[in-house]
Amino acid sequence: MTATPERIIDIAIGFMGAKQLGAASRIGLFTALANGPRTAAELAADTRHAERQVRILADAMNSLGLLERTDGRYSLAADAEKYLSGRGDIDLAPFLAFIFDISYTQWLGYDRTVDTDEAGTLDLDEAGWGEFMKGVMTYNALHAEQFGEAFDFSAYRDSLDFGGLAAGFSFAAMRQNPELKTRFVYDARFGDSITTAAAEAGLEDRVAVEAGPTESTRPGGQHDLVLVTHVLHRFTEEQNREILKAAREAAAPGATLMLLEFFLDDDEKQRSIDALHAGEYYNIDGTVVYPIDRVEGWLAEAGWQKDRVVPLPGSPRVLVATAV
């Protein structure tokens, strides 16, 4: 096959499209199209921005596949309509604001992280932390949506959600299966939010919430489903060994573990989104995306047998294992 520079150039200028996506979201380009097709002039009037800039942004979003363009009128592609127009169940605008206001700025110092192997730190004021949490929780909501669509939870009755940050993963399973009850064992900082979210979702009668530090708590029990979502990257290798042992001790023989994380691969082709998040996590706050073979080793030590790994679109992967 003849080598061309196209892939290198596409990667090198990729930040330009990302910044244009952020700008398009920020000025309301996608929400302006929620009611139907518009010309560049109409979009300029709707967003109160110069037509030249709106035309550039609309054409950029068309080139990236997020907008359709027919006879000079722009309309939303299906993914943009679902996740960017404000009309869908999940609006990714807060996540994009986090990416471009916080994450992008942090990435400007990425060379230092590479050269020193020193973890990044965030220096945010109260408003900044609010934006950070809103963006992260929006991203988690997307992951939970994809998680709920990827699995059949009808066989389970007694779930343990251990050490996570958000209830959405368990709620997705519970909405699918009205007989499923979930016991949350979370750090004390997150307990109240779980209780509130369960009440808002009308699931409080099927939810129990307990507090305890994830790295040292032994939940116990005989659960047939154990969820460990967005946990491992926040802890050291030794702590993760203990967490997975505690999860196994709380599982009935033959129970299912669903471990949601980004992973570094050990086969021929690395999944792109995982490697990008490995840089993001360490550069943001020093948290770690672990190699999947190392995680599989911890699971085997703890008494879990790997079943399969399921990638979620635009989200992490789920390593599914069985208690043996």
Which condition from (1) closer than 28 Å to Asn140 by Cα; (2) touching a residue at least 24 places away in the same chain (Cβ under 8 Å); (3) not hydrophobic (A, V, I, L, M, F, W, C) is the one that Asn35 breaks?
(2)
Gly72 over 26 Å from His230 (Cβ atoms) and either in contact (Cβ under 8 Å) with a residue 12 or more places away in the chain or under 14 Å from the mean Cα position of the chain (by Cα) (or both)
yes
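Taking the condition of being part of a loop (DSSP other than H, G, I, E, B), under 18 Å from Ala211 (Cα atoms) and at pLDDT 95 or above, how many residues in region 137-166 meet it? Break it down into steps so the answer makes sense when it comes.
As a first pass, look at region 137-166 and keep what is part of a loop (DSSP other than H, G, I, E, B): 151-157, 163-166.
If we keep only those that are under 18 Å from Ala211 (Cα atoms) too, we end up with 163-166.
Filter once more, keeping what is at pLDDT 95 or above: 163.
Result for region 137-166: 1.
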Qualifying residues in region 114-148 (those that are under 13 Å from Ala166 (Cα atoms) and among the charged types (D, E, K, R)) - the one surrounded by the most Cβ atoms within 10 Å (Cβ to Cβ):
Glu145
What is the number of the single condition among (1) surrounded by fewer than 20 Cβ atoms within 10 Å (Cβ to Cβ); (2) over 20 Å from Ala173 (Cβ atoms); (3) among the aliphatic types (A, V, I, L, M) that Val309 does not meet?
(2)
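Say whether the condition of being among the charged types (D, E, K, R), crowded, with 20+ Cβ neighbours inside 10 Å and not in a helix (DSSP H, G or I) is met by at least one residue in region 261-276. Show your work before the answer.
Here is the first cut: in region 261-276, the residues among the charged types (D, E, K, R) are 261, 265-269, 271, 274.
Keeping just the survivors that are crowded, with 20+ Cβ neighbours inside 10 Å gives 261.
Those left that are additionally not in a helix (DSSP H, G or I): 261.
Looking for residues that are among the charged types (D, E, K, R), crowded, with 20+ Cβ neighbours inside 10 Å and not in a helix (DSSP H, G or I), one finds at least one in region 261-276, hence yes.
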Tell me, yes or no, whether region 254-271 has at least one residue that is modelled with pLDDT of 95 or more, touching a helix residue (DSSP H, G or I) at 6+ places or on another chain (Cβ under 8 Å) and small (Gly, Ala, Ser).
no
Cβ-Cβ under 7 Å pairs, at least 6 apart or on other chains, region 100-129 side farther than 25 Å from Met16 by Cα, far side in a loop (DSSP other than H, G, I, E, B) and not hydroxyl-bearing (Ser, Thr, Tyr)
Ala119/Gly286
Filtered residues of region 290-309 (kept if over 21 Å from Gly279 (Cα atoms) and not small (Gly, Ala, Ser)):
Glu296, Trp298, Leu299, Glu301, Trp304, Gln305, Lys306, Asp307, Arg308, Val309
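The values are calculated or read from the model by the stated rules, or taken from the named source; none is laboratory data. Since the structure is predicted, the reported quantities are computational estimates derived from the model, not experimental observations. Quick reminder, even Gly has a Cβ in these numbers, built from the backbone with ideal geometry, and neighbours come from all protein chains shown.
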